[in-house]
Amino acid sequence: MTRARNFSTWAYWRLRLEALEAADPLPDDDAGIGPWRERVRRRLGELVGPWPERVPPDLEVRAEHRHEGHRREEVVFDSERFMSVPANLLVPDGRDAPGPAVLAVHGHGLDKDSVCGVGPAPEAPRADYARQLVRRGFVVLAPDLRGFGERADTMLGRLDTADLAADVVQHHFDCDWPLVCAVMAGVSPLAQNLHDLRCALDVLAAHPLVDPGRIGVAGWSYGGTLALFLAALDERVRAAVVSSFFSSWRAAHAVPWNMCGSQVLWGMLGRIEHLDVAALVAPRALAIESSEDDVMFPAAVARAEVARLRRVYRHLGAPDALVHDVVAGDHAWNGRRTLDALAAALGGGASG
């Protein structure tokens with residue numbers, strides 16, 4: 001009898017992932033949680049690798065615009081020797097003293113303008129969360145991630161793409177070509193974007209209208225990926241909103257077009273999970289938002305993993321610092337509970 005054989009690369013990776021066992025899962029006994037978190041912290045640091053060398057940000061205001069209830073400054077700052085970061089800085093009217101601030105991280109395919117409600121309506125419903133945040137009274141910094149917005153390398157005009165879908169080609173240059181270059185250099189695009197966001201925290205913390213002890217981060221989809229990792233790696237983040245991401249690598253990778261070159265770390269499978277990263281945020285505030293019909297980051301998986309994460313928060317004496325809101329719809333930003341949780345943690349930004 002001929003045994004079953006596989007020729008599919010996709011099936012190969014699915015089968016490998018299904019057979020994978022976590023090398024160091026969350027322990028069953030609460031006494032082991034503390035040592036486990038330290039091991040997770042070391043592993044995450046190893047996976048991210050050495051940070052690029054910081055350079056002075058040399059912040060520049062390129063333009064200023066007036067909007068209802070706030071002003072928007074187009075700014076740019078340096079994050080390393082060969083890279084600068086364009087961003088929108090939103091300041092609410094009436095802010096005259098240091099107060100809470102939020103780093104708003106856009107999702108895949110969006111940019112700093114879309115989350116600020118500038119230009120065409122964003123593809124994701126209500127994804128203008130930077131504008132929602134400034135209307136609540138937060139100072140908000142919304143940078144372009146590498147490969148998006150002003151940082152996109154628009155290669156289509158230089159290539160013969162008659163036989164290729166333009167969006168597929170652009171996606172390759174947004175995410176996968178940077179991964180090719182980064183792998184050859186021994187780094188990852190995810191780590192590079194996290195470095196840029198750490199530099200963005202430097203910019204926020206130095207602003208005269210920002211209290212450095214009251215800074216949060218909020219992101220949707222890929223922005224949620226970065227928000228979670230940034231909060232785990234940088235304790236200056238006092239509260240985080242993670243929308244449409246938190247589940248598990250196994251669940252997320254079940255959809256073949258879900259993951260991209262900007263969202264991965266070399267050798268992470270079996271060594272670091274969504275739950276593990278989130279456990280490093282504890283006991284600081286973490287508000288997770290899931291969509292009931294999201295096939296990419298399933299709500300059922302999120303519920304199960306949040307239930308396990310609650311053990312960590314209870315063990316650290318902060319059970320109320322973890323919020324999970326499951327909303328109707330498919331992979332969309334909502335913010336109905338998460339923004340209130342962010343405001344409560346940072347001491348400002350009342351619902352408005």
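The values are calculated or read from the model by the stated rules, or taken from the named source; none is laboratory data. Just so it is clear, the model here is predicted, and its values are computed rather than measured. A quick note on method: Cβ atoms are made from the backbone with ideal geometry, for glycine too, and the neighbour counts reach across all protein chains shown.
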The residue from 265, 275 that alone is within 19 Å of residue 22 (Cα to Cα) and at pLDDT below 95 is 265
Given the condition at pLDDT 95 or above and either surrounded by fewer than 18 Cβ atoms within 10 Å (Cβ to Cβ) or in contact with a Leu (Cβ under 8 Å, 6 or more places away or on another chain) (or both), answer yes or no: does some residue in region 345-352 qualify? no
Taking residue 264, is it out of contact with any Lys or Arg (no Cβ under 9 Å at 6 or more places or on another chain), part of a strand (DSSP E or B) and in contact (Cβ under 8 Å) with a residue 60 or more places away in the chain? no
Return only the number of the condition from (1) touching a residue at least 24 places away in the same chain (Cβ under 8 Å); (2) farther than 19 Å from residue 273 by Cα that residue 302 does not satisfy. (2)
Subset of region 1-28 [of a type in the set (A, V, I, L, M, F, W, C), surrounded by 11 or more Cβ atoms within 10 Å (Cβ to Cβ) and not in a helix (DSSP H, G or I)]: 20, 22, 23, 26
So residue 133 clears everything in (1) part of a helix (DSSP H, G or I); (2) of a type outside the set (D, E, K, R); (3) at pLDDT 95 or above; (4) under 16 Å from the mean Cα position of the chain (by Cα) except one condition, right? Which one? (4)
Confirm whether residue 31 is assigned to a helix (DSSP H, G or I), exposed (fewer than 12 other Cβ atoms within 10 Å of the Cβ), modelled with pLDDT of 95 or more and out of contact with any strand residue (DSSP E or B) (no Cβ under 9 Å at 6 or more places or on another chain). yes
Considering region 303-338 alone, what residues qualify as being part of a helix (DSSP H, G or I), farther than 19 Å from residue 27 by Cα and in contact with a strand residue (DSSP E or B) (Cβ under 7 Å, 6 or more places away or on another chain)? 321, 338
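Conditions (1) without any contact (Cβ under 8 Å) to a residue 60 or more places away in the chain; (2) more than 14 Å from residue 225 (Cβ to Cβ), marked per residue:
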| residue | (1), (2) |
| --- | --- |
| 277 | no, no |
| 310 | yes, yes |
| 320 | yes, yes |
| 335 | no, yes |
Count, please, the residues in region 52-72 that happen to be buried (at least 17 other Cβ atoms within 10 Å of the Cβ) and part of a strand (DSSP E or B). 2
